[in-house]
Amino acid sequence: MRTPILLWGLSGDSPLDAVFGALQNLEADLFFVDQRRILESQISLHVDREVRGCLQVGGRTVDLASVAGIYLRPYDTRKLPALRDAQPGQHAWEHALGFDDAMLSWLEISEALVINRPSAMAPNNAKPLQLNAIRAAGFSVPETLVTNDAAAALEFRERHRAVVYKSISGMRSIVHRFDDSRLERLADLAACPTQFQQFVPGLEHRVHIVGDEVFACTIRSEADDYRYAEADAGVDIRPCALPAEIAERCVRMVAGMQLHLAGIDMRRTPSGEWFCFEVNPSPAFTYYEEATGQSIADAVAELLSGARHPSPLARETAGVS
Amino acid sequence: MIIVLASRHDASARALVDGLAEHGEAALLTARDLSASGWRLRVPGGPETLVIDGHPEPVERVDGVVVRLAAVTEDELPDILPADRPYVAAEMNSFLQSWLAAIRCPVFNRPVGAYLCGPGWRPEQWTLWAWRLGIPAEPMTRSQLVEEDAQPRPTGALETVTVIGARCFGTPEVRLRQTAGQLAAAAGASLLAAHFRNGRFVAADSFPDLSSAELRAGLYAAVAA
C-alpha cells in the first residue's frame, strides 16, 4: 500500500509548515526532506521499465516507489546555510547539487501526485509565455511589450497612458508605474529587455486552486503592488465567491497547465471583464489564508493524502515530461 | 537568414555559422546581443524585432533558428555590472524562452520549460520514455548511498544517430534510425543526438555534433523545408 507523503523544502517556510501541520492532523505518514539537512540526505535512483530507489535523511529511509504524494517548495540549494562556506568542486557542494538533480529527475517520473512537477511550474518563469497560455484558456490579458528599445517603450506608454513594468522571470520584483519619474532610467533600458504592461484598473482578486476546489479573495490596496504596500497603506483582503463560469475557467486553466495547486492573480474591471496576469505554481498561500480563514493548507493536505481527488483534467494530462 | 543562438565562448557555434553561410545567410546570436537596443516582443502578437551585430532587424528576416545554448549564465554577461548579472541572466532566459516559443519559423530546438534548447530531460526521463516506447534501453542508475554496490559498466562502442527534423543521420541501421526518430518525436525535439550501445538505447541530448558538412547541409535543408 502506498502511503508516505513527502515534503521537500526548508523548515520554517510558511506554506510548507502549514501543509506539514495539516498532514499531521490527518495522521498522515510524513517524510520531510528538510533542506537544512542537505548534507545528511542521500538519494538512490534506478530506472528501467519502472522507477525504483530510496531516499535517506539522517537515519530515516523511504522507498521512492511507495510515496503517494509530494509537496515541494525547495529553495536555491547554493544559498543554504549548510553550503555557506562550500565551493564548486568541493564534496559538500557536489553532493548537494547532485541530490537536487536526482530529486528533480525523480519528481518528473514519479507516479506519485506531485504538487507541482518542476516541468509544469517552469512556464511561470517566462511570463510572456505564460500569458499566451492564459489567453488560450479564455481570459483577457493586459497588452504587453517586452523591449529594450526606449522609443518603443515610450510609444507603448503614449498609447496606453497608464503602464506598469515588472520582471518576466521567477525573480521577484516590485511592480512599478511607468510614470515621468522613471524616464531618467530609460537610458538603462538597452541592457536587458523589460516587460511593460497596460495598467488594467479594477478590483484585485487572488484565486487559489487546489485540485478542483476554488478559494477566492479580493484585495483592496492603494499600492501599485499590494505585496509591498507600506504598513500604514492598508491592505484589505476578504474572501469572496467567483462567478461560476470564472471559477470553472480557473480550474480548467490550472488543470490544463498540469498544476494541482496554483495562485492566480486576476482583476475584474469596472465593466465586468476578467483579466488574468499570472498563474503562480508555488503560491505563498498562507498570507491569504491568515487574512481570510480559508483552509487552503488543509485542502492541499487532503489532496496529497488522497482524501480528495485531483482535478480529472490534470490527472489526464500529467505524465512523464 | 539562419540565426545560431550560442554562448559567446562556443567556437563550434561560430564554425556552424560559417558552415551554414556556405548555403545562405547565417548569423551568430549571443546573450550580449540582447543588450543592444531594438528587441521587441508583444503579447498578443509575438516577436517583432531582434538585433543582429548591433542592427535591429524585423523578425520576418529570420528563416530559422538553431539553439546551441541551454541557458544564459552570468558568465555570458561581461558588460553587465556583476551585482546585476543574476537578475539580468534570469530575465534574458525568460525573454529567450518566450521569444523562441513564439517565433513563426523553424526552431531547432524550441525551448521546453526552463531549458532553452529542447526538452532538457534528465537521463532517467530518456530511459523511462525509451522503455515506454518499447525501445530496449540500458538501465539508468545513480546513487549517493555508499553501501550500494557499484553497477558493472556496460562495454561496447557507442553509435550515435543525429535527428534533424524528419531525417536521421549517422548509421545505416534502419532500426536505430527509427528508434531515434521515435524518441525525438516523443520529446518534441527536432534536433537530437541519440546514443546506442549494442543495439540498446543509452542516452540522448539536444546538442548533437554538427561539425560535419553532411549534417550542416541537412540542417540547412530542414530549415528551408
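Couple of notes before you dig in:
- Counting only DSSP H runs of at least 4 residues, each contributing -39500 (n - 2.57), and dividing by the residue count of chain A, the helix-based mean residue ellipticity at 222 nm comes to -8500 deg cm²/dmol.
- Top positive-direction residue, dipole computed over chain B with Cβ charges, set B:L133, B:A27, B:A89: B:L133
- Entry note, chain B: the mean residue ellipticity at 222 nm calculated from DSSP H runs of n ≥ 4, each adding -39500 (n - 2.57), is -9000 deg cm²/dmol after division by the residues and rounding to the nearest 500.
- Folded to 0 to 90 degrees: helix B:85-102 orientation relative to chain B principal axis, Cα: 80 degrees
- Axis angle, to the nearest 10 degrees, between helix B:213-224 and the longest C-alpha principal axis of chain B: 60 degrees.
- Selected from B:I80, A:V163, B:S12, residue furthest toward positive end of dipole (the protein assembly as shown; charges at beta carbon): B:S12
- Measuring how big chain A is from its alpha-carbon positions, Rg and Dmax come out at 21.1, 63 Å.
- Amide N proximity, region B:67-95 versus B:H9 label position 7 Å along Cα-to-Cβ, cut-off under 12 Å: B:73-78
- About its Cα centre, the dipole of chain A is roughly 340 debye, where the only charges are +1 on Lys and Arg Cβ and -1 on Asp and Glu Cβ.
- Database remark: amide H of A:C240 closer than 5 angstrom to the amide H of A:A216, A:C217, A:T218 (H placed geometrically; neighbours at sequence offset of 5 or more, or on other chains; Pro and chain starts carry no H).
- A:T3 versus A:W93: modelled label distance in nm, points set 7 Å from Cα along the beta carbon direction: 4.3 nm
- On chain B, 52 percent of the accessible area sits on carbon and sulfur atoms, based on a 1.4 Å probe.
- Along chain A, longest interval not containing exposed GluC sites (Glu not before Pro), exposed being DSSP loop plus at most 10 other Cβ atoms within 10 Å: A:28-221
- Cleavage-rule hits, GluC sites (Glu not before Pro), region B:1-59, DSSP coil, Cβ neighbours within 10 Å at most 15: B:E22, B:E25
- Under the convention that each Lys and Arg Cβ holds +1 and each Asp and Glu Cβ holds -1, the size of the dipole of region A:1-118 around its Cα centre is about 120 debye.
- Minimum 40 Å² accessible area buried by the other protein chains, region B:87-125 residues, probe 1.4 Å, relative to alone: B:Y87, B:E91, B:S94, B:F95, B:Q97, B:S98, B:R122, B:E124, B:Q125
- Taking trypsin sites (Lys or Arg not before Pro) across region A:15-68, the ones in a DSSP loop with at most 15 further Cβ atoms lying within 10 angstrom of their Cβ are A:R49.
- The calculated FRET efficiency for the pair A:A82 and B:R132, based on their C-beta separation and a Förster distance of 41 Å, comes to about 0.65.
- Paramagnetic reach from B:A157 in region B:185-225 [backbone N under 12 Å; point 7 Å along Cα→Cβ]: B:198
- DSSP H segments from chain A that extend 20 Å or more along their own axis, Cα-based, with Kyte-Doolittle mean of 0.0 or above: A:91-109
- Buried accessible area, chains B and A (both chains, 1.4 Å probe, Å² to nearest 100): 4100 Å²
- Cα centre as origin, Lys/Arg/Asp/Glu Cβ charges: the protein assembly as shown dipole, Debye: 940 debye
- R0 of 45 Å, Cβ-Cβ distance B:A185-A:D179: FRET efficiency to nearest 0.05: 0.35
- Surface share of carbon and sulfur [accessible, 1.4 angstrom probe, percent] for region A:1-82: 47 percent
- In the complete set of protein chains, residue-level accessible area for B:H9 is approximately 110 Å², probe 1.4 angstrom.
- Residue (of A:A126, B:V112, A:F199) at the positive-pole extreme of the protein assembly as shown, dipole from beta-carbon charges: B:V112
- Heavy atoms of A:S110 accessible to a 1.4 Å probe, total area in Å² rounded to 10: 10 Å²
- Among the trypsin sites (Lys or Arg not before Pro) found in region A:101-201, those both in a DSSP coil and sparsely packed, with 11 or fewer other Cβ atoms within 10 Å of their Cβ, are A:R161, A:R172.
- Interface residues, region A:154-192 - accessible area loss of 20 Å² or more versus chain alone, probe 1.4 Å: A:S167, A:I168, A:S169, A:M171, A:A190, A:A191, A:C192
The values are calculated or read from the model by the stated rules, or taken from the named source; none is laboratory data. None of these values were measured; they are calculated from a predicted model. Every residue, glycine among them, receives a Cβ derived from its backbone with ideal geometry; neighbour counts consider all protein chains shown. Side chains are part of the model used for accessible areas, which takes the heavy atoms of the whole protein and leaves out ligands, DNA and RNA. Shrake-Rupley method; radii C 1.70, N 1.55, O 1.52, S 1.80 Å.
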